[in-house]
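J.: To start, I am sharing the structure in question, which I have written as structure tokens.
Only the coordinates and a few stated rules stand behind these numbers; no lab work does. Worth saying up front: this structure is predicted, and the values here are computed from it rather than measured. For neighbour counting, all protein chains shown are included, and Cβ atoms are generated from backbone atoms with ideal geometry for every residue, glycine included.
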Amino acid sequence: MTLIVPFFVLSLILCALIRHIDPFDAFVEGAAAAFPMLRKLLPNMAAILACITLFSGSGMLDRLTAFFYSPAKFVGIPPEIVHLLLMRPLSGSGSLSILSDILLRYGADSYIGLCSSVCVGSTETILYVIPLYCSTNGIKQTRYALVAAIFSGLVGIFTGIFFVRLLLI
């Protein structure tokens with residue numbers, strides 16, 4: 001298993017040599033072609049990360065967690081993971097940090113630990129990915145993409161928790 005990446009790299013080099021292509025020149029050419037895209041992408045990433053930091057640092061995330069605590073309990077979502085579910089659409093690293101705290105506090109094999117792990121695995125950082133990709137590609141109308149992404153995230157959360165509950169009974 002540890003030899004997969006070196007095997008993949010060597011097979012790419014071998015394939016390039018068979019086709020009489022210089023692998024190093026092809027790599028340098030590809031890296032140079034990435035710079036214009038990177039120049040467009042970095043300002044958008046910086047703006048999104050600044051907004052996420054302001055949102056969580058302002059205490060708004062904690063207020064939303066307290067607001068959704070009771071409704072989550074009512075619909076069957078463990079209230080202990082509400083903070084994670086609110087952070088997940090915003091930040092992957094932030095949600096992984098919260099997941100780590102949950103797993104340390106409740107254990108990886110607990111109901112809360114399993115629900116949080118499944119929810120992180122079945123959702124995406126939609127409020128980070130959609131603006132980033134759409135602004136990079138010049139897409140202005142993101143309304144339907146956002147609605148579909150939020151809907152699929154909710155389906156992932158409820159389906160994941162349903163199957164955790166089903167498999168633990």
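J.: Rounded to the nearest 10 degrees, what's the angle between the helix 92-106 long axis and the longest principal axis of the chain, both from Cα atoms, 0 to 90?
T.: Tilt of helix 92-106: around 50 degrees.
J.: Still on this structure, please answer the following. At what distance in nm do the modelled label points of Ile4 and Ser56 sit from each other, each positioned 7 Å from its Cα along Cα→Cβ?
T.: 2.8 nm
J.: Next question. Can you work out ³J(HN,Hα) from phi for every residue in the stretch 28-39, in order, using Karplus 6.51 cos²θ - 1.76 cosθ + 1.60 and θ = phi - 60°, giving whole Hz and x for Gly and Pro?
T.: So the Karplus estimates, Gly and Pro as x, are 5, 5, x, 5, 5, 6, 7, 4, x, 5, 5, 5 Hz.
J.: Let me ask another. With a 10 Å cut-off between alpha carbons and a GNM built on the chain, which of Asp62, Asp22, Asp109 moves the most?
T.: Judging by the Gaussian network model, the answer is Asp22.
J.: Under a point-charge model restricted to the Cβ atoms of Lys and Arg (+1) and Asp and Glu (-1), what is the dipole moment magnitude of the chain relative to its Cα centre, in debye to the nearest 20?
T.: Values: 10 positive and 8 negative charges, 100 e Å.
Around 480 debye, computed over the chain.
J.: For the chain, find the longest principal axis of its Cα atoms and tell me its angle to the long axis of helix 60-75, 0 to 90°, nearest 10.
T.: That works out to roughly 60 degrees.
J.: Whose amide H sits under 5 Å from the amide H of Ser110, counting only residues 5 or more places off or on another chain, with H placed in the peptide plane?
T.: Sorted by chain and number, the residues that satisfy this come to none at all.
J.: So how much slack lies between Met37 and Ser100, counting 0.36 nm per residue of separation and subtracting their Cα-Cα distance, in nm? Provide the component values of the computation, followed by the final result.
T.: Numbers: separation 63, 0.36 × 63 = 22.68 nm, distance 3.32 nm.
Result for the pair: 19.4 nm of gain on full extension.
J.: Give me the angle, in degrees from 0 to 90, between the Cα long axis of helix 111-121 and the longest principal axis of the Cα atoms of the chain, rounded to the nearest 10.
T.: The helix 111-121 is inclined about 30 degrees to the chain.
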